[in-house]
Amino acid sequence: MDSFIIEGPGKINGEINVSGSKNSALAILFASILTDEKCVLNGVPELSDIKTTYELLSYCGKSCFFGFNRFEISESSKLLTEAPYDLVRKMRASVLISGPMLARFKSVKFSMPGGCAIGVRPIDIHLEGFKKFGADVKLDGGYVILKVKKLKPAVIKLKFPSVGATENLMMTASLIEGETVIKNAACEPEIEDLGEVLNKMGAVVSGAGTEEIKIKGSKKLRGFEHKVIPDRIEAGTFLILGAMSAQKLTVKNVIPQHLTALIEKLKKTGAELIVNNDEIKVCSNKHIKPINLKTEPYPGYPTDLQSQWMAYMSLAEGKSQIEENIFENRFMHVAELIRMGADIEIKRNTAYIKGVKKLIGATVMASDLRAGAGLIIAGANAYGTTKIRRVYHIDRGYEKIEQKLASVGLNIKRTEE
Ligand code: EPZ
């Protein structure tokens, strides 16, 4: 297992490029199941989650090519309509294969995605939606078996604006003639990106990115060529790092309107930001003002930038609190930050942070993708050596992160153990 070794505190300066959005790419790659025609997705980041998706699509019978951030998918044989435990357990987003499979083949058997460090991660909202389309849902030995004679359009009101459920149900609806309406839908930019692809494929999707999405499906869908949007969470991670330790950091390949909640918060802490149309310059301010935070569904502050914000507030001049409202167990990074000298207390779903003067380097462990990112930010601002173990979590969502950070001045190395 690899580790990162960071010598801090680092002075960050220069330009850093944001890769394509992991979460948008994953949904769009699974949309290729909806058609037997060739699909091409450009700007795909080189990540272990993309590799897992490659494995799963290939296992089902798609012919895949991935290189130079270009992912090509074609179909030369009848697809297997099964997603096995060994692949699904590696990546929960594999559940996104079920909606397209059900729509195209009227049956699918997929392993219940396990939970993960941040929560149980149920899929009841997905399954409720499939039932509304007329599917029969059975659970058997850790597998979900969906079957249907003929799918019918439906009006589906989600009990929570689940990103994955919105994406799954949009893809199913795209192959159902008639109009499906998804209410209380997730509004994330990744949903909008998927909606654009489904329109390219021949569905008629309106309202993607808002709480009410209408989808007029088609009997058959075409292939597509598309370029994935930039990764707003990677961009936000770099902006928070820059706000802590940059003389001047320019974060490039950004869509600023995807980051309004973070930009607003960073400005309140006293960080200086210059927002241009596809890049944001950030300079740190020696005196970090403590600012409270609540994570919310988009366009609220994203849960995927919560641990990074906590690292930032650990060095603020005063008290702040962070309320985590999306996942029930997304404070695994707190114990690790405390090992580095942070002063944090948790009560239910709120972390109470008292800013300290200094963080001290230590050996810490990444527990999930974004917790790992928070530890990188803490290590970059701690005195001495920080060793972050289990960086395979970070490799799931940050392309070449140690190269990118080293190029703007951080002393970070990957070691193999
Ligand atoms: C997506 O996960 C992202 N993953 C997550 O990013 C992100 O944190 C999350 O959305 C929230 O923004 C991908 O897009 C691949 P949800 P998803 O369904 O779709 C509950 C990262 O770091 N829920 O919106 O799984 C669920 O337990 C990852 O890149 C149900 O109860 O998130 C959670 O508490 C981590 N039943 C809340 O809703 C369901 O059927 C939000 O989950 C589905 C979800």
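No value in this document is a laboratory result; all are computed from the given coordinates. This structure is a prediction, so every number in the text was calculated from the model and none was measured. Quick reminder, even Gly has a Cβ in these numbers, built from the backbone with ideal geometry, and neighbours come from all protein chains shown.
Points worth noting:
- Positive end of the dipole of the stretch 22-227 (Cβ unit charges, origin at the Cα centre): among Thr210, Pro100, Phe133, the Cα lying farthest that way belongs to Phe133.
- Separation in nanometres of the label points that stand 7 Å from Cα toward Cβ, at Lys227 and Lys131: 4.4
- The stretch 355-396: C-alpha gyration tensor shape, a/c 1.5 cut-off, then a/b vs b/c: prolate
- Packing-based ranking of 14-24, 356-366 yields 14-24, 356-366, ordered from highest to lowest mean Cβ neighbour count within 10 Å.
- A Förster radius of 51 Å, combined with the Cβ-Cβ distance separating Asn13 from Val181, puts the computed FRET efficiency at roughly 0.55.
- In this Cβ point-charge picture (+1 for Lys and Arg, -1 for Asp and Glu), the chain has a dipole of about 500 debye about its Cα centre.
- When only alpha carbons are used to place a centre, the stretch 312-374 and the stretch 80-127 end up 31 Å from one another.
- Under Stokes-Einstein, with the Kirkwood radius over Cα pairs as Rh, the value for the stretch 24-138 at 10 °C and 1.306 mPa s is 109 µm²/s.
- Axis angle, to the nearest 10 degrees, between helix 189-201 and the longest C-alpha principal axis of the chain: 30 degrees.
- Whole-number percent relative contact order across the chain, with pairs defined as alpha carbons under 8 Å at least 6 apart: 21
- The mean sequence distance of close C-alpha pairs (under 8 Å, at least 6 residues apart), as a share of the length of the stretch 22-227, puts its relative contact order at 20 percent.
- Each DSSP beta bridge with both residues in the stretch 22-227 is either parallel or antiparallel, and the antiparallel ones are about 75%.
- Given +1 at the Cβ of Lys and Arg, -1 at the Cβ of Asp and Glu and no other charges, the dipole of the stretch 22-227 around its Cα centre is 680 debye to the nearest 20.
- Cα-based shape type of the stretch 272-383, given that a ≥ b ≥ c are square roots of the gyration tensor eigenvalues and the cut on a/c is 1.5: rounded
- Overall form of the stretch 22-227 per C-alpha gyration tensor (a/c, 1.5; a/b vs b/c): rounded
- Proportion of all alpha-carbon pairs of the chain beyond 41 Å (%): 15
- When +1 charges are put on Lys and Arg Cβ atoms and -1 charges on Asp and Glu Cβ atoms, the dipole computed for the stretch 269-360 relative to its Cα centre reaches about 480 debye.
- Report note on the peptides 301-307, 195-201: ranked by the mean count of other C-beta atoms within 10 Å, highest first, their order is 301-307, 195-201.
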